[in-house]
Structure formats: structure tokens, C-alpha cells
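Visitor: Sharing a structure here in C-alpha cells format.
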Amino acid sequence: MRTFSDAIDRMHGGMKDEMDMNATDVAALRMMVMREEQGQAVSPHDVARHLRISTASTTKLLDRLSESGHVQRRRHPHDRRALIVEITDLTREDLRRHFGRRIGEMRAVASEFDDDELAAISRFLERMSVVLDPD
């Protein structure tokens, strides 16, 4: 677990440095990518709750990411009073450049395990996540 955690930290650190961002900015982008892949809209409140930061800090974070061209704020398609935040093509390209090779390699490793083994690994990681971060 420690080796895996260290490898993840190094990977995210490299991404942070390469994209010239702080760790919170990178964490916000990762969350938005995951939500986009699940077809879920992301509100500024979702970002604040995920990162456990104040709304003021979230506004500053989104301002930085917007000014750098990594996110855009739009009106929610169904609730015109609400805002959603979306990653841009620039972000997708930056992430593809940084993670593309690794994602392919991670998928290759995952393909070495059958569905039952992957389910057990998933349960293990979920339970460890709760222990490490109960909130």
C-alpha cells in the first residue's frame, strides 16, 4: 500500500509541476474529469465539498483554473440560476499528455485479473479508503 501510495503521489506531483498548478487545483481537475466520465455535472459547491474547502477558497480556485483556460463556468442547463463548472479541451489535452501512456499501462495491468479478482481488489481499496478518510 505504501509503495502504491508513494507512486500515486509522485505521479500527481509530476502532473502538478508539469501543469504549473498546486495540488488542490489538480485534485479539482481530477474530480471534474471523473464526474464528466460519469455524465455528472459539477457545481462550485461540489468542488468545495470534494476538496473540503470554503466557498471563498473554491471561488479563488475556480478563478485560477478559469484564467489559465482549464475550466469554464456555465449556467446549469436545467436550472438557469445555478452554475456548473466544466473542464476544457486544454485540460483534456494536458491530462492526456501527462496520463495517456500510464492509463494504457494501467489498463493492461488490470486486464491480467479476472472479474472476481478485480471485485476483491475494489472492495479492499474502498474499505482502505474509508479507513484513511472516514468523512
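Visitor: Of everything in segment 102-135 that's under 21 Å from the mean Cα position of the chain (by Cα) and among the acidic types (Asp, Glu), which residue is surrounded by the fewest Cβ atoms within 10 Å (Cβ to Cβ)?
Guide: Filtering segment 102-135 for residues that are under 21 Å from the mean Cα position of the chain (by Cα) and among the acidic types (Asp, Glu), the one surrounded by the fewest Cβ atoms within 10 Å (Cβ to Cβ) comes out as Asp135.
Visitor: Can you tell me how many residues in segment 1-21 are part of a helix (DSSP H, G or I) and touching a residue at least 12 places away in the same chain (Cβ under 8 Å)? Write out each step before concluding.
Guide: First, the residues of segment 1-21 that are part of a helix (DSSP H, G or I): 2-18.
Then keep just the ones that are touching a residue at least 12 places away in the same chain (Cβ under 8 Å); that gives 11-12, 14-15, 18.
So the answer is 5.
Visitor: Of the residues Pro44, Pro77, only one is over 25 Å from Arg10 (Cβ atoms), crowded, with 17+ Cβ neighbours inside 10 Å and in contact with a strand residue (DSSP E or B) (Cβ under 9 Å, 6 or more places away or on another chain); which?
Guide: The unique qualifying residue is Pro44.
Visitor: Regarding Ser68, is this residue out of contact with any Ser or Thr (no Cβ under 8 Å at 6 or more places or on another chain) and over 23 Å from Met128 (Cα atoms)?
Guide: Working: out of contact with any Ser or Thr (no Cβ under 8 Å at 6 or more places or on another chain): yes; over 23 Å from Met128 (Cα atoms): yes.
Against the criterion (out of contact with any Ser or Thr (no Cβ under 8 Å at 6 or more places or on another chain) and over 23 Å from Met128 (Cα atoms)), Ser68 qualifies.
Visitor: Are any residues in segment 47-74 on the phi > 0 side of the Ramachandran plot and either of a type in the set (A, V, I, L, M) or loosely packed, with under 12 Cβ neighbours inside 10 Å (or both), and if so, which ones?
Guide: Arg52
Visitor: Okay, next question. Regarding Leu61, is this residue under 25 Å from Ser5 (Cβ atoms) and in contact (Cβ under 8 Å) with a residue 12 or more places away in the chain? Give the derivation first.
Guide: Numbers: under 25 Å from Ser5 (Cβ atoms): yes; in contact (Cβ under 8 Å) with a residue 12 or more places away in the chain: yes.
In short, yes.
Visitor: If the Cβ limit is 7 Å and pairs must be 6+ apart or interchain, which residue in segment 31-51 that is within 13 Å of Leu61 (Cβ to Cβ) pairs with which residue that is of a type in the set (Phe, Trp, Tyr) and surrounded by 16 or more Cβ atoms within 10 Å (Cβ to Cβ)?
Guide: none
Visitor: Another one. Would you confirm whether or not segment 48-65 contains a residue that is within 22 Å of Asp94 (Cα to Cα) and of a type in the set (Gly, Ala, Ser)?
Guide: No, segment 48-65 contains no residue that is within 22 Å of Asp94 (Cα to Cα) and of a type in the set (Gly, Ala, Ser).
Visitor: Turning to a different aspect of this structure: Checking the conditions here, which among Arg49, Arg97, Arg107 is of a type outside the set (Gly, Ala, Ser) and either over 23 Å from Gly14 (Cβ atoms) or touching a Pro at 6+ places or on another chain (Cβ under 9 Å) (or both)?
Guide: The match here is Arg49.
Visitor: Tally time: how many residues in segment 82-101 are modelled with pLDDT of 85 or more and either in contact with an Asp or Glu (Cβ under 7 Å, 6 or more places away or on another chain) or surrounded by fewer than 11 Cβ atoms within 10 Å (Cβ to Cβ) (or both)?
Guide: 2
The values are calculated or read from the model by the stated rules, or taken from the named source; none is laboratory data. Owing to the predicted nature of the structure, the values given are computational and were not obtained by experimental measurement. Using ideal geometry, Cβ is built from the backbone for each residue, glycine included, and neighbour counts are taken over all protein chains shown.
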